[in-house]
Every structure is written in C-alpha cells, then in structure tokens.
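Peer 1: Let me give you the structure first, and then I'll get to my questions.
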Amino acid sequence: MESLQDKAYNAIYTKIMNLDLYPGQQVSDKQFEEEIGVSRTPVREAMLRLRRDDMLYSLPQSGTYVTRIDLKKSLDARYARQLLESDIAKSIGGTVSDDQIDQLSAVVEEQQTASKRDQIQRFFQMDNHFHQKIYEFANKQNIWNWLISFSTDLNRYRLLRVYDANLPMNRLTQEHRDIINAFSDHDAAKVHQLVYSHLNLMLSEQQSVLDKFPDYFTNIN
C-alpha cells in the first residue's frame, strides 16, 4: 500500500515531469498539502526526497523552487540513449514479428490522433511508449528503466520540444513510421540508421527550444 509520503512524492514528481510545475517555479509545502490532500509532515518528507533527487532546491530566506533543466545532463542522457537504443533496435531489426509491427503502428496512430487534438501530454506519452516497445521486444526493459532513471532532465526537455510550435509534432510521427517501415522490411542496418538519426533531433532542434524557453535551463554553455 502506498504511504502518504510516497503519494506526495509521486504526485509532486509527476507535476514536475509533466511541466505542470515549470522549471524555476517557487513551490511550498502548504500548496502541496492543498493540491494533494496530504498533511504537512509527509509533504515535507516528500519534498526532502525531491531535493535529494535534484528535482527541487531551496534558497535561504527565499523558498523552494523546481530545479531548472540541466542542458548538459540532458545531452549526456541523449547520447547514452542514442547509442544504446540504435543498437538494441538493430538487434531485432530482422526478427520483429507482424504483431509487434502492428503494436508500433497502433502507438503511432494514437500519437497522430493526439497531435490532431493538440493533446500534448498524450502525444508525449505515446512517444515514450513507442520507444519503450523497442526495448520490450528486445527483452531489454531493464535498460529502458535504467535510462529513465537518469533522464529526468532529458524528458522534461523533450516535452518542452513538443510545446515548441516551431517544431511540428508530425516530424516525430513520420520518423516513427519510417522506423516501422524499416522493421517491416527486416532491414536491420536501416533500422539502426533511422533510430540513430531520430535520436539526433535534439541537437538540430536545441536552439529553437532554448530560444522559446530561455528561463527554464541551466548549464547551457
């Protein structure tokens, strides 16, 4: 059974990761007591855990704030994921089944629907689900979980990217379709190249995101 501290922690963590609490925003235990419906002690314990996890930080005589997105950490997580995921995708490039291809296609259709309805959170959820499927098919779910554990900065960056109107969502869905087509052709080398290129988008789109959300980042240089 989930403890009150865990309930508070998970609720605040989700708000941070969904950008319901924006980077740099001031927060308080009283605010979370009211929003989550949990008393002060478990809320404060949860906030202490979040400070240890570098999701919140406190300034003397000022208050507690949501940690800004560390661009260097984001880039490092992207680099690790690009190398691992492209190789993992290649390892199953010649053996993905029709059922697995149908699963990937269904996720992209969900993404497309979310894009048309401007459901950004749903779109981002399906984007993650698409990539998670690749690890699942390769029996590498533990690697996915490990990557997620140190990708908090990267994933907040990726969600901001979806909020940047200058960077259309259909570019992501089209690249997902291209990856599916390569899986369908059982072309492992092309799967590797497409996944590698897809996870390189952050580098080409980075300046647009930084220009749109300049106050949300730290460690830019």
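Peer 1: Based on the Kirkwood radius over alpha-carbon pairs, what is the Stokes-Einstein translational diffusion coefficient of region 33-117 at 20 °C with 1.002 mPa s viscosity, in µm²/s?
Peer 2: Rounded, D is 122 µm²/s.
Peer 1: Please work out the C-alpha center-to-center distance from region 62-87 to region 152-202 and express it in whole Å.
Peer 2: Cα centroid to Cα centroid, the span is 17 Å.
Peer 1: Return the subset of Lys73/Lys190; Lys7/Lys116; Lys7/Lys133 for which the Cα-Cα distance in this structure is over 31 Å, preserving the input order. Before the final figure, lay out each step's value.
Peer 2: Values: Lys73/Lys190 29 Å; Lys7/Lys116 33 Å; Lys7/Lys133 28 Å.
Pairs exceeding 31 Å: Lys7/Lys116.
Peer 1: Which label belongs to the value computed from this structure, given these candidates for log10 I(q)/I(0) by the Debye sum over Cα atoms at q = 0.09, 0.10, 0.13, 0.14 Å⁻¹: (1) -0.35, -0.43, -0.76, -0.89; (2) -0.41, -0.50, -0.82, -0.92; (3) -0.40, -0.49, -0.74, -0.83?
Peer 2: (2)
Peer 1: In region 1-60, which GluC sites (Glu not before Pro) are in a loop and have at most 12 other Cβ atoms within 10 Å, using DSSP for the loop call?
Peer 2: Glu2
Peer 1: Taking R0 as 22 Å, what FRET efficiency do you get between Tyr22 and Leu203 from their Cβ-Cβ distance, rounded to the nearest 0.05? Walk me through the intermediate numbers first.
Peer 2: Values: r = 24 Å, r/R0 = 1.08.
That gives a FRET efficiency of 0.40.
Peer 1: Specify whether the C-alpha gyration tensor of region 61-182 places it in the rounded, prolate or oblate class, a ≥ b ≥ c being the square roots of the eigenvalues: rounded for a/c under 1.5, otherwise prolate if a/b is larger than b/c and oblate if not. Please report the intermediate quantities before stating the final value.
Peer 2: Working: a/c = 2.31, a/b = 1.38, b/c = 1.68.
Cα axes put region 61-182 in the oblate bin.
Peer 1: If you don't mind, there's one more thing I want to ask. I'd like the carbon and sulfur percentage of the solvent accessible area for region 70-218, probe radius 1.4 Å, heavy atoms only, ligands and nucleic acids excluded. Mind dumping the intermediate values first?
Peer 2: Details: 3300 of 7070 Å².
Roughly 47 percent of what the probe reaches on region 70-218 is carbon or sulfur.
Peer 1: Moving on. For the chain, give me the percentage of DSSP beta bridges that are antiparallel, rounded to the nearest 5 percent.
Peer 2: So the antiparallel bridges in the chain amount to around 75 percent.
Peer 1: Pull up the cross-link candidates among the lysines for Lys72, meaning alpha carbon to alpha carbon under 19 Å and not fewer than 8 places away within one chain.
Peer 2: Result set, ordered by chain and number: Lys212.
Peer 1: Cα-Cα pairs above 19 Å in region 4-67: how many percent?
Peer 2: 18
The values are calculated or read from the model by the stated rules, or taken from the named source; none is laboratory data. Keep in mind the model is a prediction, meaning the values are calculated, not measured. Counting neighbours? That spans all protein chains shown, and the Cβs are built from the backbone with ideal geometry, glycine included. These accessible areas exclude ligands, DNA and RNA; they are computed on the full protein's heavy atoms, side chains included. Shrake-Rupley method; radii C 1.70, N 1.55, O 1.52, S 1.80 Å.
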